[in-house]
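The structure appears below as structure tokens.
The values are calculated or read from the model by the stated rules, or taken from the named source; none is laboratory data. As the structure is a prediction and not an experimental result, all values here were calculated from the model. Quick reminder, even Gly has a Cβ in these numbers, built from the backbone with ideal geometry, and neighbours come from all protein chains shown.
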Amino acid sequence: MSEKRDYYEVLEISKNATDVEIKKAYRKKALKYHPDKNPDDPDAEAQFKEAAEAYEVLRNPDKRQRYDRYGHAGVRGSAGFGGGGMSMDDIFSQFGDIFENFGFGGFGGGGGRTHTRRRVNKGTNLRVKVRLSLKEIAEGVEKKIRVNKYVQCDACNGTGAHKGGAYKTCNTCNGSGQITEITNTFLGQMRTTSTCHTCGGEGRIISERCHKCNGHGIVKGEDVISIKVPAGVSDGMQLSVSGKGNAAARGGIPGDLIVLVEELPHPELIRDGKNLIYEKYISFPDAAMGSTIEVPTIDAKARVKIAAGTQGGRVLRLKGKGLPDLQSYGRGDILININVWTPKELSKEEKQLLEKLATSENFKPNPTSKDKGFFDRMKEYFQ
């Protein structure tokens, strides 16, 4: 199909359809266009895939929300299992339970497809928190952390069987992990496939359990994991390290390690996206006569000149001294917000000096077009 149809149109449902209605509509479409019922109709297979893609998006609340707001562009790269179109393998592996309820096997039926699907155990994910300084965030860092987790049993190599070999093929399913029954109906041959109740879908049975892990294939242990944190991450961001979570029972797929970034506050710099803000207070004499100040950066100190006649609220900029952008090239800036310090208490002599200065015409406010207000300064900065 040259142009994607609206997913609601594909399933023939309204945009406020409930989850139950979405699933029911997909069941109806999948039954109608199932390849086993239409072995010689390529258009039926195309519509079967189209319905599966629509269901894959609309059944997921996050994807559905993006689709409702942005259309197909909002789910590009996530719909259709990577955006390259859904294969039959994808559909049956993702929605196999639905096809079993139809009476179709995962890949069986009149179309002649055969596929053995054993159950694969999946380890659980682990979550850890990594605290990073501003310098580490600016440069990127590799952290090694020690975590307590389930690891593969070394006595049985994760099989759960004594010495790794005390198991046999399941006689009920002959090692397939599934039980298949074929019945004749008015619709033709229907194949019903279900998980083998004897082996739990693994295709084999342990004849003697491992004495160390009691047949689970995993034990409690610890691991030192290296985490590469890219430059430019921010507080609350999550990184995923594939396969570094808990080991799975009996040789399954390990879970992932989810890393939560916690940004440690800098004593002087305040982060604002990729920019850093530094609040600097100077005295009135320094503002009037000019001065040189030191400004902290991520690496060291920088000397910045304060021009004579600097007004309070002026923002100076150190270009490229901020943080890198995680999504693009370049770095942010350090913005120096100049505040002119006003004494809260004055001595008698100080009051006399200020009273004398107050009568001077030069000390009376006389702003020009160069003396921008707050909103003008912000507008100028963002431009």
Which pairs turn up if I take residues in region 282-307 that are in the same structural domain as GLU350 (by TED's automatic domain parsing) and look for partners that are of a type in the set (Asp, Glu) and part of a strand (DSSP E or B) with beta carbon separation below 8 Å, at least 6 apart in sequence or on another chain?
LYS301/GLU294; ALA302/GLU294; ARG303/GLU294; VAL304/GLU294
Might you check whether a residue that is modelled with pLDDT of 95 or more, farther than 30 Å from PRO230 by Cβ, among the charged types (D, E, K, R) and exposed (fewer than 13 other Cβ atoms within 10 Å of the Cβ) occurs anywhere in region 353-365?
no
If you go through region 302-320 one residue at a time, do you hit one that is within 25 Å of VAL229 (Cβ to Cβ), at pLDDT below 95 and touching a Gly at 6+ places or on another chain (Cβ under 9 Å)?
yes
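So which residues in region 334-368 are in a helix (DSSP H, G or I) and either outside the structural domain of ILE306 (by TED's automatic domain parsing) or of a type in the set (Phe, Trp, Tyr) (or both), if there are any at all?
Hit for region 334-368 is PHE363, nothing else.
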Step by step: first the residues of region 225-244, then only those that are closer than 25 Å to CYS153 by Cβ and part of a loop (DSSP other than H, G, I, E, B), then the one that is nearest to the chain's Cα centre (by Cα). Which residue is that?
SER242
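Yes or no: region 245-255 includes at least one residue that is among the small types (Gly, Ala, Ser), assigned to a loop (DSSP other than H, G, I, E, B), farther than 27 Å from THR342 by Cβ and in contact with an Asp or Glu (Cβ under 7 Å, 6 or more places away or on another chain).
Yes, there is a match, as at least one residue in region 245-255 is among the small types (Gly, Ala, Ser), assigned to a loop (DSSP other than H, G, I, E, B), farther than 27 Å from THR342 by Cβ and in contact with an Asp or Glu (Cβ under 7 Å, 6 or more places away or on another chain).
Listed here are the residues, each with its yes/no results for (1) in contact with a Leu (Cβ under 6 Å, 6 or more places away or on another chain); (2) closer than 26 Å to VAL241 by Cα; (3) assigned to a strand (DSSP E or B).
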residue	(1), (2), (3)
ILE137	no, yes, no
GLU142	no, yes, yes
ILE145	no, yes, yes
TYR150	no, yes, yes
ASP154	no, yes, no
THR159	no, yes, no
LYS163	no, no, no
Qualifying positions in region 1-51 - in a helix (DSSP H, G or I), among the β-branched types (Val, Ile, Thr) and out of contact with any Leu (no Cβ under 8 Å at 6 or more places or on another chain):
VAL10, VAL20
